[in-house]
Structure formats: structure tokens, C-alpha cells
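The values are calculated or read from the model by the stated rules, or taken from the named source; none is laboratory data. Everything quoted here is computed from the prediction, not taken from an experiment. All Cβ positions, glycine included, derive from the backbone under ideal geometry; neighbour counts span all protein chains shown. Keep in mind that these areas ignore ligands, DNA and RNA; they rest on the heavy atoms of the full protein, side chains included. Shrake-Rupley method; radii C 1.70, N 1.55, O 1.52, S 1.80 Å.
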Amino acid sequence: MAGIVIVGAGHAGSQLAISLRDEGYEGTIDLISADPDHPYHKPPLSKSFMKTPDAALQPLRAQQVFDDKRITLRLGQRVLGIDREKCRVRLADGHPLDYATLVLATGTEARPLTLPGNDHAGVFTLRTAADARRLRAALPGAQRVVVIGGGFIGLETAAMLSARGLDVAVVEIAPRLLGRAASAAMASAVEHALIETGVRVLAGAKIERIVGKPGRVDGVLLENRTLPADLVIAGIGAVPVVGLAEDAGLSVDNGIVVDAHLATSDPAIFALGDCASFPMDGARMRLESVQNATDQARTLAKTLSGRPADYSAVPWFWSDIGTLKLQIAGLSAGADASVESFTPEGRLKSVYHLRAGQLIAVETINSGGEHMLARQMLAAGFTPATDLMRQGDPRAIKAAFQGIVA
């Protein structure tokens, strides 16, 4: 009998398969991945995986776990199409696979670099284990690296390579770093920390092309200068993988459109994780984070096991940029006020974002306890007094919070 077929074995797909069994689902589960590697954690690819030539991938779950939970893991297998009428997917090996419920957890892929010269040897993206292996193999002998893109991936990679002793420049066409991910104050703090470690940051830059000779890259040509480079790494964001959904006639709008139960326009097909566009706070959004992927997976597992649940988790994100752990709880879009707190040394420690006097998001640097507290306060709808936020003392804020919720 047909069961649940999950396309994509990243954080979302793998967690869903595990959570289905935890919720008591007894039908068949097929977990399909175009990636030949056993499902792995992606955040370490830009950090620890690069530190030594033989560093191994960090598995999401051991193979034994999938075996014990009776999850059929199909690696290196691409899904070519969906037959919605027959409730069947077509695999690259030619075999059809029937489903009662289909879940698309297809994730994202690196946004392509469209600059002239982007096909030179020595130009890399960093999204998959295969990408990371290629970059790691090219590092020996390299001295100068240009990272194009000032988002999380670009800055994590820049910090990692600088720590390895390479000469690193970050080029961002926007006026500042982390333009879509963090506040201007937090981005400025990150930029200053990177500069202190020797990373050069060029924001608001106009890139003309990548220059090189046959078989190698030589640099990146800006409007007014050339940055020499042995390697160029493009970290300009990601785009949702929606081809299967589009070809099947599902609704797509910056991701696969789903409702609060993560159902698509076809009631037998669901989507979750980085590829899903879902409703939250009266708007539609698509989030690229491990938390969103795993929390949506746990929620969907309840729905598919007969206990429908809406997805409503507080979003949170993190990024390890060198010695900085940047953590964000909530979404700051629409904030009309902010309160900053600083370390005794005068470095930015946290930014509290408010809308109409209500706390909606908190950004922190190297303040894990404050971040965890922020997630609890956001879930409870609690807003600390302004002086407490400005002091940024988690103990004092926690005392006030506990006094309300006790």
C-alpha cells in the first residue's frame, strides 16, 4: 500500500521522516535524496568541514536510526516528475513510486553568479557537500580569496579562511553587510569584528567581471580597482527549488505556496522547509533556517499522523562568524523602535526590536542565555521595560519575565 514519499533528505525531510515514526505513523516512508551523501548537517560546511582535509560530514542521523524506524532512504536518486492524477512520482532510474501523501522538502540551491567570467576555474559556490569538497581541495596553495556576498554564508566563509591565514576580501554590492538578515547596528558590529581579524570589507561595490586566464581565476574587477584572487567564492544567496512543483501545476510564489497546515494547492501534497512559502502574522514568507525546517517537520508529522496542527513557532536563526555567534529570535520586519545593549568594553551585545511598544525580535552576539530568554519572551508575548533591555542583563530580564508568567 502506498504511504508517504518525502522528496529531499535535508534537515526538513529527514526530521519529518523521524518525527512521523515518533508520532506513531505506521505506513511506509520513502525518503528520496538527489544528493549521494548520507543526510548531513549543512552549517558546518562553511566552518569546521574546512579546517582539515579529512574532516568528515556530520550526519543528521546514523543509518541505523533510519533502519530501526523503517525509513527507506533512497540516496543519489532524482525525482523527475509528479503525476498528481495517479499519485505517483517518476524517479531518474525509471521506476515509478506511488504515494498516498507526497511531501516536497526540496530546499534551495545557490543563486547563480551571472557576472562575466563566472565560468573561470577557481570560482566556487558553497551550498552542498560536493561544493565544500571542491573548495577544500582547492585551498592548498591559495593565498588570496575574494568572497562575493555579505550574507551569512559569505561572512562565515570569509572568517574561516582568514583564520586559516589567507588574505580575504568580502565584496558586497549592497550598502552594508547582512542587509536581509540583520539590523544595521548588528551588521556594523560584525563588520568591525571581521576587519579586526584582517578581512577587508568593500560594501556598496560595483562588480564588473571576474578576470582570469584559461584554467585559473586572477581576480575580481570592480568599477575602480581589481582585487587579486586565487579563488573566488560566490555567496549571493539561494533560490527555492520549485521545478517539480511548477511542472506539476502547484501554486508557486517565491517558494511552494502552502497553508497553515503546510498543504499545497493539492491536498495530497505538502511542502516544508526552505522551499515553502507559508503564512505567518498576516503575511506570506519563506525562511531559510534549520529551526524553521525542523519545527515545520515536527508540526507536519502531527498533521500527517491524524492530529492536524498549524505551524506557529517563533523563528530563530544563528550564524557562527569566526569568534562571533550571532543569534536572532523573531522577525524584525516592521519594527519602529530598537534598544541596544553593550558589553563593559563597549561592544554591541544585543538589539531589542519593537513595534508599537511590543517586542518582536532580539539579536545577540555571544550572549546565548539572552537569546534563549528572548525566544521564551517572544513566545509569551512579554516585553521588558526599556531600561532592562538597555542594561541587557539576562538575570534582571528573566526575573521580570518570571514575575509576569509565575
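Observations
- For the range 49-65, the condition holds for no residue, the condition being that it is closer than 24 Å to His261 by Cα and in a loop (DSSP other than H, G, I, E, B).
- Ala181 in a helix (DSSP H, G or I), out of contact with any Pro (no Cβ under 7 Å at 6 or more places or on another chain), among the small types (Gly, Ala, Ser) and within 30 Å of Leu331 (Cα to Cα): no
- Subset of the range 85-99 [more than 29 Å from the chain's Cα centre (by Cα), assigned to a loop (DSSP other than H, G, I, E, B) and surrounded by 15 or more Cβ atoms within 10 Å (Cβ to Cβ)]: Cys87
- For the range 2-54, filtering for residues that are without any contact (Cβ under 8 Å) to a residue 12 or more places away in the chain and over 19 Å from Phe270 (Cα atoms) leaves 3.
- Residue, nearest to the chain's Cα centre (by Cα), within the range 214-233, restricted to residues that are part of a strand (DSSP E or B) and under 20 Å from Ile153 (Cβ atoms): Ile233
- You will find that of Arg180, Arg176, Arg200, the residue that is open to solvent by 30 Å² or more (accessible area, probe 1.4 Å) and modelled with pLDDT under 95 is Arg180 and no other.
- Residue check for Leu102: touching a Cys at 6+ places or on another chain (Cβ under 9 Å), closer than 22 Å to Leu300 by Cβ, in a strand (DSSP E or B) and not small (Gly, Ala, Ser): yes
- Boolean, Val171 is open to solvent by less than 40 Å² (accessible area, probe 1.4 Å) and either in contact (Cβ under 8 Å) with a residue 60 or more places away in the chain or closer than 21 Å to Gly8 by Cα (or both): no
- Residues within the range 231-251 that are open to solvent by 50 Å² or more (accessible area, probe 1.4 Å) and either of a type in the set (A, V, I, L, M) or touching a residue at least 24 places away in the same chain (Cβ under 8 Å) (or both), tallied: 2
- Filter result for the condition that a residue is under 25 Å from Asp93 (Cβ atoms), open to solvent by 30 Å² or more (accessible area, probe 1.4 Å) and either at pLDDT below 95 or out of contact with any Phe, Trp or Tyr (no Cβ under 9 Å at 6 or more places or on another chain) (or both), over Asp67, Asp54: Asp67
- Filtering Leu354, Leu304, Leu331, Leu326 for residues that are out of contact with any helix residue (DSSP H, G or I) (no Cβ under 6 Å at 6 or more places or on another chain) and closer than 21 Å to Ser19 by Cα leaves a single hit, Leu304.
- The conditions of being open to solvent by 40 Å² or more (accessible area, probe 1.4 Å), of a type in the set (Val, Ile, Thr) and part of a strand (DSSP E or B) are met by Thr72.
- Of all the residues in the range 252-289, those that are open to solvent by 10 Å² or more (accessible area, probe 1.4 Å), hydrophobic (A, V, I, L, M, F, W, C), farther than 20 Å from Ala329 by Cβ and under 19 Å from the mean Cα position of the chain (by Cα) number 1.
- Leading residue by the ranking (farthest from the chain's Cα centre (by Cα)) among those in the range 106-129 that are of a type in the set (S, T, N, Q) and outside any strand (DSSP E or B): Asn118
- Evaluated against (1) more than 21 Å from the chain's Cα centre (by Cα); (2) in a helix (DSSP H, G or I), Ala132 falls short on exactly one condition, (1).
- Of residues in the range 304-337 being in contact (Cβ under 8 Å) with a residue 40 or more places away in the chain and on the phi > 0 side of the Ramachandran plot, the one farthest from the chain's Cα centre (by Cα): Gly322
- Members of the range 94-148 that are over 25 Å from Arg84 (Cα atoms) and of a type in the set (Val, Ile, Thr): Thr114, Val123, Thr125, Thr128, Val145, Val146, Val147, Ile148
- Candidate set: the range 379-406, residues that are within 23 Å of Ser312 (Cα to Cα) and open to solvent by less than 30 Å² (accessible area, probe 1.4 Å); chosen: the one nearest to the chain's Cα centre (by Cα): Phe382
- Evaluation of Gly369 against (1) open to solvent by less than 40 Å² (accessible area, probe 1.4 Å); (2) closer than 22 Å to Ala396 by Cα; (3) out of contact with any strand residue (DSSP E or B) (no Cβ under 9 Å at 6 or more places or on another chain) (one fails), failing number: (1)
- Failed item, numbered, when Ile236 is tested on (1) in a loop (DSSP other than H, G, I, E, B); (2) more than 15 Å from Ser46 (Cβ to Cβ): (2)
- Subset of the range 256-286 (residues that are touching a strand residue (DSSP E or B) at 6+ places or on another chain (Cβ under 6 Å) and acidic (Asp, Glu)): Asp274
- Looking only at the range 290-318, and only at residues there that are at pLDDT 95 or above, of a type in the set (Ser, Thr, Tyr) and under 23 Å from Pro240 (Cβ atoms), the one that is surrounded by the fewest Cβ atoms within 10 Å (Cβ to Cβ): Thr303
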